[in-house]
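Okay, so here's the structure we're looking at.
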Amino acid sequence: MALYFGDLLPFSSLLLEGLWTALYITLVAMVAGSALGVFLYLGKVGPGKAVSIFCTCYIEAIRNTPLLVQLYLIYFALPALGINLEPIWAAVIGLTLNNAAYTAEIYRAGFESVPHGLREAGKALGMKNAQIVRYIVLLPATRNVFPALTNQLILLFLASSIGSIISLPELTNAIMSVSNTTYRTIEVLAVGGLLYLGVSALLSLASKRAETTLFRWAVGARV
Amino acid sequence: MFRAFDWQDLIPLAKGAWLTIQLCAMSGILGVIFGLILGIARTSPSRIARWISTIYISCVRGIPILVIIFFIFFGIPLLFPGLELDKFTSAVIALTCFAAAYVAEIVRGSIEAVSRGQSEAADALGLNYWAKLRYVVMPQARKIMVPPGVGFIIGLVKDSSLVTVTGLVELTHAGNIVTNLTGDPIMTFLTVAAMYFVICYSISLLGRLYEKRTGIQVDPLKLPEPASV
């Protein structure tokens, strides 16, 4: 069969709009989710027993069920309770709640990676608690957490494609609707795939660059 | 009209769960086989093998699994007219293509995590490439692979839910059908979620049991992130 990409030209703005929507919900869910993840992590390791159990259950429940089922619960089950959400809000809320559980686990791994001996060393040097948290725990933990967080951003961007199943007009949805209009299925899947690939390659390149600039003081010194 | 969600609705959901398990078992096994080959090629001394595997791995890892599923499901019949694949086979192919790339990354990471001195010692002993891999590197890399591998299989179970778009009646699609019958999405999808949870949590418990038995423990930060969200 002959490939012909010309039929796709009139739809390029549709595809780009889809890409923009995908990026938009990814960024919102990343920012909101990683903020919510901080509270989940603090709740999990904090002194409150009930809070800690709740946070652990939430994290495990999210991490052991598919995002698609979570989106179905938000998009199809909430209306049965009288809460109707637009697809874009359902997707943003779903991705945020999902991302929060994953980032909470990333924070946990990051903080656990700072050896306890370092804190004791700080105490022995006569540092105040706030100083210990800031210089000995927070800085190395941030550096350890950063690559995992940027990786999570890329995974979240790819996961935003699942929004197409609840009829959110993002990139995958645009790909399928162009395919249904033009019957140029292979061509549009190739173009769409390349768009995804390009953006995730850019994100990964940018995060590598950011890592070396932000943590220049710590190259090769990972605790 | 609608009837309430009751115990008899569990039967189609259980059937869907069984299909999900079969789907993941098949594509998991195939994915591990191809992933091992790709991962070894990715670290091999042959430049061509490295290039091909790198291109494959980075392409698949940069594209959503949903697009890969659409490509296999709609693209293959167009590219190879006359080749008729049933839904289950195309789902297995799509999930295998996807799994192979992520498993290959885990394999590469584990091979690279084996200390260089081991590999150099094997060279000094005059072992050739395959003997070095077989007797020195792989036995050590195998232990490092287990924890992220378990995480990846859990990710595969979750990602298999996306196959629902092809109309294959696995767990999530069964949930859709039951919702249409009962008009009760809350109970249905909570049950579906609970079933996924049981499958995934059992896999992680098995993984932990294996870790305890073999004493394999890995720094949680060094694990490649789970492949799916």
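The values are calculated or read from the model by the stated rules, or taken from the named source; none is laboratory data. The structure displayed is predicted, hence computed values, not measured ones. Reconstructed Cβ throughout: ideal geometry from the backbone, glycine too, with neighbour counts over all protein chains shown.
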Would you call A:Leu40 crowded, with 20+ Cβ neighbours inside 10 Å, part of a helix (DSSP H, G or I), within 11 Å of another protein chain (Cβ to nearest Cβ) and in contact (Cβ under 8 Å) with a residue 24 or more places away in the chain? no
Which residues, taken from segment B:113-133, are surrounded by 13 or more Cβ atoms within 10 Å (Cβ to Cβ) and assigned to a loop (DSSP other than H, G, I, E, B)? B:Val114, B:Leu127
Can you spot a residue in segment A:104-115 that is free of Cβ contacts under 8 Å to residues at least 24 places away in the same chain, in contact with a helix residue (DSSP H, G or I) (Cβ under 8 Å, 6 or more places away or on another chain) and more than 30 Å from A:Leu195 (Cβ to Cβ)? yes
Condition met for A:Ile136 (facing another protein chain (nearest Cβ under 10 Å), surrounded by fewer than 24 Cβ atoms within 10 Å (Cβ to Cβ), among the hydrophobic types (A, V, I, L, M, F, W, C) and in contact with a Leu (Cβ under 7 Å, 6 or more places away or on another chain)): no
Only one of B:Ser44, B:Ser58, B:Ser53 is hydroxyl-bearing (Ser, Thr, Tyr) and facing chain A (nearest Cβ under 8 Å); which? B:Ser58
Condition (residue is out of contact with any strand residue (DSSP E or B) (no Cβ under 8 Å at 6 or more places or on another chain), without any contact (Cβ under 8 Å) to a residue 40 or more places away in the chain and within 13 Å of chain B (Cβ to nearest Cβ)) applied to segment A:2-25: is it met by at least one residue? yes
Would you check if B:Ser110 is more than 22 Å from B:Leu19 (Cβ to Cβ), among the hydroxyl-bearing types (Ser, Thr, Tyr) and either assigned to a loop (DSSP other than H, G, I, E, B) or at pLDDT below 90 (or both)? no
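This table checks each residue for (1) without any contact (Cβ under 8 Å) to a residue 40 or more places away in the chain; (2) more than 21 Å from the chain's Cα centre (by Cα); (3) loosely packed, with under 13 Cβ neighbours inside 10 Å; (4) at negative phi.
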residue	(1), (2), (3), (4)
B:Phe5	no, yes, no, yes
B:Ile11	yes, yes, yes, yes
B:Leu19	no, no, no, yes
B:Leu23	no, no, no, yes
B:Phe34	no, no, no, yes
B:Gly39	no, no, no, yes
B:Pro45	no, yes, yes, yes
B:Arg50	yes, yes, no, yes
Any hit, segment A:61-70, residues being in a loop (DSSP other than H, G, I, E, B) and among the hydroxyl-bearing types (Ser, Thr, Tyr): yes
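This table checks each residue for (1) within 11 Å of chain B (Cβ to nearest Cβ); (2) at pLDDT 90 or above.
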residue	(1), (2)
A:Leu71	yes, yes
A:Ile74	yes, yes
A:Pro79	yes, no
A:Pro87	no, yes
A:Ala91	no, yes
A:Asn99	yes, yes
A:Ala104	no, yes
